[in-house]
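As structure tokens, the structure follows; a few thoughts come after it.
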Amino acid sequence: MRILFISDVPMESPSSGAEQVLHQESVHLAKKGYDVYAITREGGSGPTVYKNVMGVHEACYKAPSRSLYRFTASSLKEPSSIFRRLRKHGPFDLMICQQPFTCFFLLVKGMLVRTPVLYVYLSPSHEEYVLSRRSFNPIGKAFHTFIRRTAEHICLKKALQIMTISRFMKNKIRSIHGISSSLININPCGVDLNRFKPFPDRNSLKKKLGFSEGKIHLLTVRNLDPRMGLENLVRSVRILQEKGIPIHLTIGGEGPEKTHLINLIRKWNLSDVVRLTGYIPSELLSQYYSASDFFILPTLQLEGFGLVTVESMACGTPVLGTPVGATVEILGNFIPGFLFKNPFPPSIAEGIFTTINRYPPYSSEYGRLRDQCRTFVEKNYSWDRHISHLLSIMKKVKATDP
């Protein structure tokens, strides 16, 4: 069976959630013996790069996002050219589309007429784009909203089935695009249980990563953009510091909010309490999870799933989060009390204070909690479970193909 993935992100070295989903799904299917191809995209300019990524034949084209003209020209030309080249080796039995633009431009060029399509819906493209920016002029906001929403709608209407990652996102699809509930399948993301697992000696790991002794260590790993709620998290840490709570916060990630966060940390004299690490390499991520005492997810808007939540819990580190999006579904099925009352600083500070007093690090209660986190993820969020459900949805697509 020949399968073609169509995506707006590259797959070789996944960092974002979208890249991780693409990588895991395509590689797992290749390992199961499927003939898997992928048309992907990254920024910049240059020729299309063809490579084999763990059994997946990837063709990654370039489209500079800062130039609308060059982006459109490249997106009109390259995906269709790649598609024709790949189709010479035989027709595809199924196409799995993630994100709207590459799929949309292939539809415009008439490339996806005869092959059944499964659309993997990770987030509303227009909402994510607008929320990732602190300011937006009204004309620019209206333009991007219209273009992204329209492209996404056209792709969804082409799909015979839609797979999404949470009830929250299923409701988004229905409210934004009016898609029938019967066409939408919920399949939560997974976690690599071999890569993300508890570290046997957390004390030595804390020393290795520079975690100071005598502190309760909080961690968050996010794209540094406004919707992630990182300013509120820093404000909540300030509240706890003023109460004399011995905490330290590590923030991993890069993004447009970095300068703003640095300025807040300096303004409130939190340099000894809050550390920005920048991007944390994937090979170190599990170590940061394991060494931390609690992971904090302070999202303000649009948390479609939160891979970091299940990755942290797989390492044994409990997660506290705002009641936003799919975080409610994950933590609500684990310990509902780990959800903050709302996404604002006083509530975040109160939730952290209550939890660290209920589960002080190195207590027996805290040790049992870490074991519960791992067991919960093993039971509910493996990639093997995700792929098994994906295969059943693929069969449904083939069964409904006219």
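A few remarks follow.
- Neighbourhood net charge (14 Å Cβ-Cβ; Lys/Arg +1, Asp/Glu -1) for Ser236: +1
- If you take all other residues with their beta carbon under 12 Å from the beta carbon of Ile330, and give Lys and Arg +1 and Asp and Glu -1, the sum is -2.
- Summing charges over neighbours of Gln161, with a neighbour being any other residue whose Cβ is under 12 Å away from its Cβ, gives +3 when K and R count +1 and D and E count -1.
- All alpha carbon pair distances within segment 1-47 were sorted into 5 Å bins beginning at 0; the resulting P(r) in whole percents reads 5, 22, 30, 21, 14, 6, 2.
- Model label sites at Met1 and Ser363, defined 7 Å from Cα along the beta-carbon direction, differ in position by 5.0 nm.
- Calculated log₁₀ intensity ratio I(q)/I(0) where the Debye formula runs over C-alpha points of segment 202-380, q = 0.11, 0.12, 0.17 Å⁻¹: -0.41, -0.49, -1.07
- Euclidean distance of C-alpha centroids, segment 354-395 and segment 225-267, integer Å: 26
- Sorted by Cβ neighbour density within 10 Å, fewest at the top, the residues Ser286, Ser364, Ser26: Ser364, Ser286, Ser26
- Here the chain is treated with +1 on each Lys and Arg Cβ and -1 on each Asp and Glu Cβ, and its dipole about the Cα centre works out to around 840 debye.
- Over 21 Å (Cα to Cα) - which of Lys141/Lys172; Lys141/Lys341; Lys51/Lys88; Lys32/Lys396; Lys170/Lys396 fall in this group: Lys141/Lys341
- log₁₀ of I(q)/I(0) at q = 0.08, 0.09, 0.11, 0.15 Å⁻¹ - the chain, Debye sum with one point per alpha carbon: -0.44, -0.56, -0.83, -1.40
- Unit charges at the beta carbon, dipole of segment 202-380: most positive-side option, Val377, Phe353, Met228: Phe353
- DSSP beta bridges in the chain [antiparallel fraction, %, rounded to 5]: 10
- Length added when fully stretched, Phe344-Ser67, from 0.36 nm per residue minus Cα-Cα: 96.1 nm
- Under 5 Å between amide hydrogens, built in the peptide plane, is the criterion, and for Ser292 it picks out nothing among residues at least 5 positions away or on other chains.
- Karplus-derived 3J(HN,Hα) values for segment 31-38, using 6.51 cos²θ - 1.76 cosθ + 1.60 with θ = phi - 60°, are 5, 7, x, 6, 8, 10, 10, 8 Hz; glycine and proline are entered as x.
- Low-density loop positions, trypsin sites (Lys or Arg not before Pro), segment 196-274 - DSSP coil, at most 14 other Cβ in 10 Å: Lys243
- For segment 69-127 versus segment 304-329, the inter-centroid distance based on Cα atoms is 32 Å.
- Acute angle (nearest 10 degrees) that the helix 364-380 long axis makes with the longest principal axis of the chain, alpha-carbon atoms: 10
- Degrees between helix 138-158 axis and first principal axis of the chain (Cα, 0 to 90, nearest 10): 60
- Under the Karplus curve 6.51 cos²θ - 1.76 cosθ + 1.60, θ = phi - 60°, whole-Hz ³J(HN,Hα) for segment 292-298, x wherever Gly or Pro sits: 6, 8, 8, 9, 10, 10, x
- Peptide packing: for 143-151, 309-317, the average count of neighbouring Cβ atoms within 10 Å per residue gives the ranking 309-317, 143-151, highest mean first.
- Rg over Rh [alpha-carbon atoms, Kirkwood Rh] for segment 345-402: 1.34
- Excluding same-chain neighbours fewer than eight residues apart, the aspartates and glutamates reachable from Lys109 by a Cα-Cα span under 15 Å are Glu78.
- Each semi-axis of the equivalent ellipsoid for segment 14-142 is √(5λ) with λ an eigenvalue of the Cα gyration tensor; in descending order they amount to 26, 18, 15 Å.
- Computed E for Ser388/Tyr129 - FRET, C-beta separation, R0 30 angstrom, nearest 0.05: 0.40
- Rounded to the nearest 10 degrees, the angle from helix 258-267 to the longest Cα principal axis of the chain is 10 degrees.
- Size of segment 161-243 as Cα extents on the principal axes (Å, biggest first): 54, 36, 19
- Hydrodynamic radius by Kirkwood, which averages 1/r over all alpha carbon pairs of segment 246-304, in angstrom: 13.0
- Average 1/r across all pairs of distinct alpha carbons in segment 288-402, invert it, and you get the Kirkwood radius: 15.3 Å.
- Highest mean packing first, where packing is the average number of other Cβ atoms within 10 Å per residue, the peptides 96-103, 123-130, 1-8, 30-37 line up as 96-103, 1-8, 123-130, 30-37.
- Amide H contacts of Cys97 (H built 1.01 Å from N, in plane; Pro and chain starts excluded): Ile6, Leu118, Tyr119, Val120 sit under 5 Å, all sequence-distant by 5 or more or on other chains.
Just so you know, all these numbers are worked out from the coordinates, no wet-lab data involved. What you see is a predicted model; the values in this text were computed from it and never measured. Please note: Cβ atoms are built from the backbone with ideal geometry, for glycine as well, and neighbour counts cover all protein chains shown.
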